[in-house]
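The values are calculated or read from the model by the stated rules, or taken from the named source; none is laboratory data. The shown structure was predicted, so the numbers you read here are calculated from the model rather than taken from an experiment. Positions of Cβ are backbone-derived with ideal geometry, glycine not excepted, and every protein chain shown enters the neighbour counts.
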Amino acid sequence: MSTTEPMTSTVQRPGVVTFIAAILYIQAAIAVTATVTMLIWRGPILDSLEQEGSPLSSGAFTGTIIAEAFSAILLVMVASGLMRGSNGIRLFAAVVQGLSMALAMYVLVAHHVGGYMYRAVFSLFVGVFVLWALYGNDESDEFFDSDWP
């Protein structure tokens with residue numbers, strides 16, 4: 001006697017989405033490391049900056065630490081949202097990449113020399129890849145449109 005069970009369609013997370021989220025998690029870990037490093041060696045870093053004649057004040061350095069911590073939190077939130085299949089986070093990531101690509105185009109036009117040019121071209125390639133990974137293939141559309149657990 002055989003029983004027939006209903007077929008359930010499960011949607012798997014595309015590898016490119018997992019890859020992008022993994023890169024974001026790595027960036028978040030680096031941002032946390034930078035934040036902790038700046039907190040632990042705050043005094044020696046400020047002393048070194050003062051000896052070098054840097055105009056960076058103690059308050060500005062504190063702002064840098066806070067911005068780095070905020071960046072780490074934001075990166076984890078975006079990576080987690082992509083892993084869960086959040087359409088809002090998908091749109092947020094696309095807008096950020098679009099702005100990054102627009103800035104890269106500006107840099108290519110205004111500062112088309114040496115390292116600036118190479119960095120801008122690299123940013124354009126990364127932006128195109130991320131936009132393709134999030135919107136340009138059927139697997140990603142299916143994943144973000146599903147009720148993935």
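Kindly provide the set of residues from the stretch 102-116 that are on the phi < 0 side of the Ramachandran plot and out of contact with any helix residue (DSSP H, G or I) (no Cβ under 7 Å at 6 or more places or on another chain), ordered by number.
Step one: list which residues in the stretch 102-116 are on the phi < 0 side of the Ramachandran plot, which gives 102-113, 115-116.
102, 103, 105, 106, 109, 110, 111, 112, 113, 115, listed by residue number.
Just one of 105, 101, 83 is surrounded by fewer than 15 Cβ atoms within 10 Å (Cβ to Cβ) and at pLDDT 90 or above; which is it?
Details: 101 fails: surrounded by fewer than 15 Cβ atoms within 10 Å (Cβ to Cβ); 83 fails: surrounded by fewer than 15 Cβ atoms within 10 Å (Cβ to Cβ).
Step by step, each of 105, 101, 83 is checked, and only 105 is surrounded by fewer than 15 Cβ atoms within 10 Å (Cβ to Cβ) and at pLDDT 90 or above.
So which residues in the stretch 42-72 are touching a residue at least 24 places away in the same chain (Cβ under 8 Å) and among the hydrophobic types (A, V, I, L, M, F, W, C), if there are any at all?
At the first step, the residues of the stretch 42-72 found to be touching a residue at least 24 places away in the same chain (Cβ under 8 Å) are 64-65, 68-69, 71-72.
Within the stretch 42-72, 65, 69, 72 qualify.
Please specify each residue of the stretch 7-41 satisfying the condition of being of a type in the set (S, T, N, Q), loosely packed, with under 14 Cβ neighbours inside 10 Å and without any contact (Cβ under 8 Å) to a residue 40 or more places away in the chain.
We begin by selecting, within the stretch 7-41, every residue of a type in the set (S, T, N, Q); these are 8-10, 12, 18, 27, 33, 35, 37.
Filter once more, so that each one left must be loosely packed, with under 14 Cβ neighbours inside 10 Å: 8-10, 12, 33, 37.
8, 9, 10, 33, 37, listed by residue number.
Those residues that are more than 11 Å from the chain's Cα centre (by Cα) and surrounded by 15 or more Cβ atoms within 10 Å (Cβ to Cβ), I need them from the stretch 65-79; list them, please.
65, 68, 69
Checking residue 102 against (1) in contact (Cβ under 8 Å) with a residue 12 or more places away in the chain; (2) over 30 Å from residue 11 (Cα atoms), which test does it fail?
Answer for residue 102: the failing condition is (1).
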